[in-house]
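Please read the structure below before turning to the comments.
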Amino acid sequence: MEERQISDFVVITLGMFITWLSVGLRCYVRIFVSRTFGSDDYWMVLALFLFTAASGIGYTGIHYGIGVHAKNLNYNQLINGAKYEVVLELIYIFCTVVIKTSVGLLLLRITSVKPFYKYLIWYSIAILWVWALLTFIVVCLQCRPLEAVWNPLVQGKCLEPSLITAFAYAISAETIFFDWFFSLLPIPMLWNIKMTTQSKISVMAILSVGIVASSATIVRLKYLVAFENLTDPLYSISPVFLWSSIELSLGITAASIATLRPLLRSWHIIGFTSDRDSSNDPQRPRSSGDSENNHQICIRSRAIVRVA
């Protein structure tokens with residue numbers, strides 16, 4: 001394998017490892033620790049399967065020449081490599097929106113959140129799906145028949161490459177926006193909820209780790225010009241392929257880490273202990289109203305404590 005192929009192979013393999021590990025821990029926490037396995041978890045499991053399928057196709061694409069200069073490939077490799085590239089585009093579109101849907105549903109599990117935020121989250125999820133379906137249709141109709149995209153011997157009518165590139169930029173911009181939107185939204189949502197400051201900060205932190213995933217999307221943007229490189233497409237598309245894999249794996253991992261608070265709390269890690277634990281501190285001064293106040297705090301924060 002050539003250098004870019006090795007990089008792609010290593011990134012896919014590492015991505016598979018961390019996503020299966022993080023989603024596995026998420027399922028363990030939700031099923032056995034908090035016993036709150038819900039719709040957001042089903043969507044994340046679906047995202048994991050989509051990423052696994054994309055990784056399998058990615059391995060096949062590497063075999064057929066993704067990351068290799070066209071001059072070093074035969075006709076069969078060029079055709080198959082380009083075909084798997086298109087399939088990866090389609091899976092990427094849906095894997096991205098499935099991850100965002102899971103994150104949105106996770107935020108909706110904060111039952112004490114104001115109706116305004118619930119409507120905002122649902123509208124955001126709807127916008128994500130409308131845009132994903134529109135992009136999917138454009139990719140599928142970029143050539144008629146679609147086979148003309150990867151097989152130059154097939155006569156067909158195709159859209160301008162610049163239009164496809166524009167849609168690629170648009171979906172990346174949308175991904176970055178909603179990464180930040182869903183990551184920063186917990187701050188105003190939790191601001192006035194009755195929790196200890198330590199618990200509030202820890203919950204905000206773990207719900208905001210999705211910002212990390214947007215970094216890969218930002219880097220991916222600079223390589224999207226490869227969509228217009230028709231002379232050496234499989235070599236030029238390799239960095240986009242690599243950073244797309246990083247983006248999806250980080251998105252799945254970050255969203256799953258946000259659910260591990262009960263596990264971290266069971267390990268008595270500072271910042272993740274429950275409000276009840278902090279109120280039972282023997283060195284803390286007590287008053288006659290402590291019991292009632294602590295009970296109210298626990299009730300009001302239960303939705304937040306159990307959401308992760």
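The values are calculated or read from the model by the stated rules, or taken from the named source; none is laboratory data. From a predicted model like this one, the values you see are computed outputs, not experimental measurements. Glycine also receives a Cβ, built like all others from the backbone with ideal geometry; neighbour counts cover every protein chain displayed.
Details
- Number of the exception - V97 against (1) touching a Leu at 6+ places or on another chain (Cβ under 8 Å); (2) free of Cβ contacts under 8 Å to residues at least 40 places away in the same chain; (3) farther than 30 Å from Y64 by Cβ: (3)
Results for (1) touching a Phe, Trp or Tyr at 6+ places or on another chain (Cβ under 9 Å); (2) buried (at least 21 other Cβ atoms within 10 Å of the Cβ); (3) modelled with pLDDT of 95 or more, shown as yes or no for each residue.
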{"residue": "C27", "(1), (2), (3)": "yes, no, yes"}
{"residue": "G38", "(1), (2), (3)": "no, no, no"}
{"residue": "H69", "(1), (2), (3)": "yes, no, no"}
{"residue": "G81", "(1), (2), (3)": "yes, yes, no"}
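- Single residue of P145, P186 found to be under 16 Å from L107 (Cβ atoms) and modelled with pLDDT of 80 or more: P186
- Unmet criterion (only one of (1) part of a loop (DSSP other than H, G, I, E, B); (2) among the aliphatic types (A, V, I, L, M); (3) farther than 19 Å from L90 by Cα) for I66: (3)
- Top-ranked residue in segment 1-45 [being touching a residue at least 24 places away in the same chain (Cβ under 8 Å) and in contact with a Cys (Cβ under 9 Å, 6 or more places away or on another chain); ranked as nearest to V86 (Cα to Cα)]: M44
- Scope segment 133-191; condition in contact with a helix residue (DSSP H, G or I) (Cβ under 7 Å, 6 or more places away or on another chain) and among the β-branched types (V, I, T); matching residues: T135, V138, V139, V149, V154, I164, T165, I171, T175, I176, I187
- Failed criterion for A170 (all others in (1) surrounded by fewer than 19 Cβ atoms within 10 Å (Cβ to Cβ); (2) modelled with pLDDT under 90; (3) under 28 Å from Y75 (Cα atoms); (4) of a type in the set (A, V, I, L, M, F, W, C) hold): (3)
- Selection within segment 173-192 - crowded, with 16+ Cβ neighbours inside 10 Å and not in a helix (DSSP H, G or I): L185
- The residues of segment 28-86 that are under 24 Å from D8 (Cβ atoms) and polar (S, T, N, Q), listed by number, are T52, S55, T60, N72, N74, N76, Q77, N80.
- Test: I93 is crowded, with 18+ Cβ neighbours inside 10 Å and in a helix (DSSP H, G or I): yes
- Only a single item in (1) under 26 Å from N151 (Cα atoms); (2) out of contact with any helix residue (DSSP H, G or I) (no Cβ under 6 Å at 6 or more places or on another chain) is not met by I66, and it is number (2).
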